[in-house]
Amino acid sequence: MKIFKQFLTAIVALLIASAGVAAPGDVQKGAVIFVRTAGGYTYLQVREGGKEVWLATTPLQVAVGEQVEYMGGDVMTQFHSQAMDKTFDAIRFVSRIHVVGRDAPAAATQGMPADKAHQGVGAARPAAPAKAEVIAKAKDGKTVAELYAQKDSLKGRNVVLRGRVAKFSKNILGKNWVTVVDGSGKAPDDKIVAITTDTTSVGAVVTLSGELKTDVNLGSGYRYKVIVDEARLK
C-alpha cells in the first residue's frame, strides 16, 4: 500500500505539475515569451492568466509576442532536455497547438517524433468514440457495472474484466494507464481505469486482471471510485 500511495503521489505531480497547468481537455491560450527549436522540438514559454508555463511540440514557426492555443498533452516534472541543456520543473508536451490567426485550429493533431532525448514522452491520445455494443463478459469475470456495484466486497481482491480500450496513456512514471469500457454501467460509472506495464491500443478489446482498489483520491479533482492496479492485459 505504501508503494501504491507513493506512485499515486508521483502521478499527481505529473498530472497537475503546477497550479498554472491546465486540465488536458481544455483549450488554453497564451502569449509566447520565449521560443527555441532544438533536438527536433520547439520549446515555448507561454504567459497565460498571470502565470508562465513551458510547452514543447514538433517544430513550430512562432515568434515571441504571438499568441498560441493548445490542448491536451503529457506533463513531465523535473524533465531534463539535453538539447536545451535545461531541467524543467514542469513542461507539457503537446501535439495539438496552433498560432492564433495563421495556423490550423488546435484540434488539428501534429505527430510527435520519437527520439532518444525524449524517449517515453508521448502526446496524449484522444479517447476513442463511445461504443454502443456490449462486450461479452470474460469467464469468471465482472462487468464494469458489477465492479462498481460490488466494489466494497471486491476491494483488495483480484478481478477480471473484458472491455474495449477507450484511452491509453503510455509510460507515465514507467506505467501505462488504460481506460476500459464494456457497454455496462451509467456515466460516470461506465468505465474502469487500470494501471499496467503491458501495452495496448485505443479500440482494442482486452481482458485484464488485477487488484481492485476503491476510493482512490489523487487530489486536485483526480478521484476514482474504482481502479485496477498491477493489471495484466490479454
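Quick check: anything in segment 156-176 assigned to a loop (DSSP other than H, G, I, E, B), open to solvent by 30 Å² or more (accessible area, probe 1.4 Å), under 19 Å from Lys139 (Cα atoms) and of a type outside the set (S, T, N, Q)? Quick ask: steps written out before the conclusion?
Taking segment 156-176 first, the residues assigned to a loop (DSSP other than H, G, I, E, B) are 156-157, 173-174.
Restricting the remaining residues to those that are open to solvent by 30 Å² or more (accessible area, probe 1.4 Å) gives 156-157, 173-174.
Going one step further and asking which of them are under 19 Å from Lys139 (Cα atoms), we end up with 157.
Narrowing further to those that are of a type outside the set (S, T, N, Q): 157.
The answer is yes, given that some residue of segment 156-176 is assigned to a loop (DSSP other than H, G, I, E, B), open to solvent by 30 Å² or more (accessible area, probe 1.4 Å), under 19 Å from Lys139 (Cα atoms) and of a type outside the set (S, T, N, Q).
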Give the number of residues within segment 52-62 that are over 16 Å from Gly40 (Cβ atoms) and open to solvent by 50 Å² or more (accessible area, probe 1.4 Å). 1
Check whether at least one residue in segment 77-84 is outside any loop (DSSP other than H, G, I, E, B), surrounded by 16 or more Cβ atoms within 10 Å (Cβ to Cβ) and either under 18 Å from the mean Cα position of the chain (by Cα) or of a type in the set (A, V, I, L, M) (or both), and report yes or no. yes
Hey, Thr179 among the polar types (S, T, N, Q), closer than 28 Å to Phe93 by Cα and without any contact (Cβ under 8 Å) to a residue 40 or more places away in the chain or not: no
Looking only at residues in segment 196-234 that are in contact (Cβ under 8 Å) with a residue 60 or more places away in the chain and hydrophobic (A, V, I, L, M, F, W, C), which one is farthest from Gln150 (Cα to Cα)? Val202
The listed residue being surrounded by 13 or more Cβ atoms within 10 Å (Cβ to Cβ) and polar (S, T, N, Q), out of Thr214, Thr197: Thr214
In this structure, is Ala123 open to solvent by 30 Å² or more (accessible area, probe 1.4 Å) and modelled with pLDDT under 85? no
Filtered residues of segment 180-194 (kept if open to solvent by less than 30 Å² (accessible area, probe 1.4 Å) and in a strand (DSSP E or B)): Val180, Ile192, Val193, Ala194
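The values are calculated or read from the model by the stated rules, or taken from the named source; none is laboratory data. Since this is a predicted model, take the numbers as computed values, not measurements. Neighbour counts run over all protein chains shown; Cβ positions are idealised from the backbone, glycine included. Calculation scope for accessible area: heavy atoms of the full protein, side chains included, ligands and nucleic acids excluded. Shrake-Rupley method; radii C 1.70, N 1.55, O 1.52, S 1.80 Å.
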